[in-house]
1. Residues to consider are Arg56, Arg86, Arg65; find the one that is modelled with pLDDT of 90 or more and among the basic types (Lys, Arg).
2. When you check Ile22 against the structure, is it aliphatic (A, V, I, L, M), surrounded by fewer than 14 Cβ atoms within 10 Å (Cβ to Cβ) and modelled with pLDDT of 95 or more, yes or no?
3. Hey, among the residues in segment 181-193 that are hydrophobic (A, V, I, L, M, F, W, C) and free of Cβ contacts under 8 Å to residues at least 60 places away in the same chain, which one's farthest from Arg160 (Cα to Cα)?
4. Please determine whether any residue of segment 6-16 is more than 11 Å from Leu178 (Cβ to Cβ) and aromatic (Phe, Trp, Tyr).
5. Would you please list the contacts, defined by Cβ atoms under 7 Å and residues six or more apart or on different chains, that run from a residue in segment 194-209 that is in contact (Cβ under 8 Å) with a residue 24 or more places away in the chain to a residue that is hydroxyl-bearing (Ser, Thr, Tyr)?
6. Just to be sure before I move on: is Met150 modelled with pLDDT under 85 and over 29 Å from Val107 (Cβ atoms) in the structure I sent?
7. Please enumerate the residues belonging to segment 1-19 that are crowded, with 19+ Cβ neighbours inside 10 Å and not hydroxyl-bearing (Ser, Thr, Tyr).
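The values are calculated or read from the model by the stated rules, or taken from the named source; none is laboratory data. Because the structure is predicted, anything quoted here is derived from the model rather than measured. Positions of Cβ are generated from backbone atoms using ideal geometry, with glycine treated the same way; all protein chains shown enter the neighbour counts.
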Amino acid sequence: MSRAYVVYTIALVGAVAICGAIVFLSAWTLNYWQAWALMAAMLGSYSAAILASFARRDEAPSWRRRSGESQRETLTSQRLIVILARLGFCALLVVPGFDHRFGWSSVPPSISLAADLLVAAGLLITYRVRQEILRRATSVTTEAPQDRRMISTGPFAVVRSPMHAGVLLYAAAIPVALGSWWGLVVFAGMVPLSLMRMSYEEKVLRQIFTDYSDYTQKVEYRLLPHIW
């Protein structure tokens, strides 16, 4: 396995470990099977995605931010949205931990396990999006800026904001996977942030890609196929 894949895998395992630490510290116990199941789902989905990519000899995704992302975050409002979104994700882990600790709500085990599958699906979507972006970035390095075209393959052929779709899917499922209904309140607060982020990103993409209007006609839906 290439060094890039090893580094990326270590980073993913570290990220999952940090998420687990936040949950277990919030719950103040290791006797929390939903948390262990969630970590297994996260590691399992990432492992499957990485092995499949390595088998296809795809380039390993990078944790580094793309130049477009840094440009989109130059405005104070966008930096604030990013900060709030990150705090919201932490709250998605903390609130269920407290819920488990103090017994605020109870989710049937079958529903928690089903939510684990949704978490895995959301993570696989985001991984696939990163792969498509990387593949496109590699192919356009020699193109002049005016000749660059909007990505319209892979997940981007289904919806215009597949990364947000994947993130919102696993963000909605994480609290339920952890056995908490109250965590969905946190998710509800994250939805407007994602919508504002999506709106701003589309404005930037219209400025960067001359064919973005054509892309929006080809791919009609922003987030959910055949819905919106």
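1. Numbers: Arg56 fails: modelled with pLDDT of 90 or more; Arg65 fails: modelled with pLDDT of 90 or more.
Being modelled with pLDDT of 90 or more and among the basic types (Lys, Arg) holds for just one of Arg56, Arg86, Arg65, which is Arg86.
2. Numbers: aliphatic (A, V, I, L, M): yes; surrounded by fewer than 14 Cβ atoms within 10 Å (Cβ to Cβ): no; modelled with pLDDT of 95 or more: yes.
Against the criterion (aliphatic (A, V, I, L, M), surrounded by fewer than 14 Cβ atoms within 10 Å (Cβ to Cβ) and modelled with pLDDT of 95 or more), Ile22 does not qualify.
3. Filtering segment 181-193 down to residues hydrophobic (A, V, I, L, M, F, W, C) leaves 181-182, 184-188, 190-191, 193.
Subset that is free of Cβ contacts under 8 Å to residues at least 60 places away in the same chain: 184, 188, 191.
Numbers: Leu184: 25, Ala188: 22, Val191: 17 Å.
Ranking the candidates gives Leu184 first.
4. Restricting attention to segment 6-16, the residues satisfying the condition of being more than 11 Å from Leu178 (Cβ to Cβ) are 6-16.
Remaining after also requiring aromatic (Phe, Trp, Tyr): 8.
Scanning segment 6-16 turns up at least one residue that is more than 11 Å from Leu178 (Cβ to Cβ) and aromatic (Phe, Trp, Tyr).
5. Met198/Ser161; Leu205/Tyr212
6. On the way: modelled with pLDDT under 85: yes; over 29 Å from Val107 (Cβ atoms): yes.
Yes, satisfied.
7. Within segment 1-19, the subset crowded, with 19+ Cβ neighbours inside 10 Å is 8, 12, 19.
Listed by number, the residues that qualify are Leu12, Cys19.
To keep it simple, each residue is scored yes or no on (1) of a type in the set (S, T, N, Q); (2) without any contact (Cβ under 8 Å) to a residue 40 or more places away in the chain.
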| position | (1), (2) |
| --- | --- |
| Leu87 | no, yes |
| Val94 | no, no |
| Gly103 | no, yes |
| Val107 | no, no |
| Ser112 | yes, no |
| Asp116 | no, no |
